[in-house]
Amino acid sequence: MKENHYVACTILVKDENGRYVFLVRKQDEGFAFLATTVKPKQTGLASVIDRLKQVCKLDIEKLELNELTNAIVDDNRIPLFVFIYENDDLDRPDDLLTENTDLSWVHSENVITTLEQWKISGVPQFLLI
């Protein structure tokens, strides 16, 4: 496996109004999906889930893989895992985030610029949700 092989992910969660929001990382010029390196002796999926456990307070059993697609960032192909998290006990998406984080939740119309920077292969079905 290539050294520093990256994988990325996002989670879709319903906000207080019942609209899905995406988990993204704030950057100077917009947003990016959460990314991590693939750990030795782990799959890309396992590495992403480990990273999510570090930055989110999730009941991991309620996390459902909705889609796996590829993104191209700076000429690097990066698998992008898209999860849906449904938990009736969740009041607000922000309740899932740990303190002092650069992560936030945004609606799909705000993710468009991220998608332009992260060239997504094919038609991402998660945008149709």
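Under the rule a/c < 1.5 gives rounded, and otherwise a/b versus b/c splits prolate from oblate, where does segment 1-62 land using the Cα gyration tensor?
Cα axes put segment 1-62 in the oblate bin.
Identify all aspartates and glutamates with a Cα-Cα distance to Lys57 below 17 Å; exclude those on the same chain that are fewer than 8 residues away in sequence.
Excluding near neighbours in sequence, the set is Asp15, Glu86, Asp88, Asp89, Asp91, Asp94, Asp95, Glu99, Asp102.
Trypsin sites (Lys or Arg not before Pro), restricted to segment 1-107: which are DSSP loop and have at most 12 other Cβ atoms within 10 Å?
Lys2, Arg19, Lys41, Lys57
At a 10 Å Cβ-Cβ cut-off, how would you order Ile11, Ile112, fewest neighbours first? Write out the running numbers ahead of the final one.
On the way: Ile11 25, Ile112 10.
Ranked by crowding around the Cβ, least crowded first: Ile112, Ile11.
Excluding Asn87 itself, calculate the net charge of residues whose Cβ lies under 12 Å from the Cβ of Asn87, where each Lys or Arg counts +1 and each Asp or Glu counts -1.
-4
Using a cut-off of 13 Å between beta-carbons, work out the net charge of the residues near Lys57 (Lys and Arg +1, Asp and Glu -1, Lys57 not included).
-3
Rule-based calculations on the coordinates, nothing more; no lab input. Everything numeric here is computed off the predicted structure, so don't read it as measured data. Note that each Cβ is placed from the backbone with ideal geometry, even for glycine, and that neighbours are counted across all protein chains shown.
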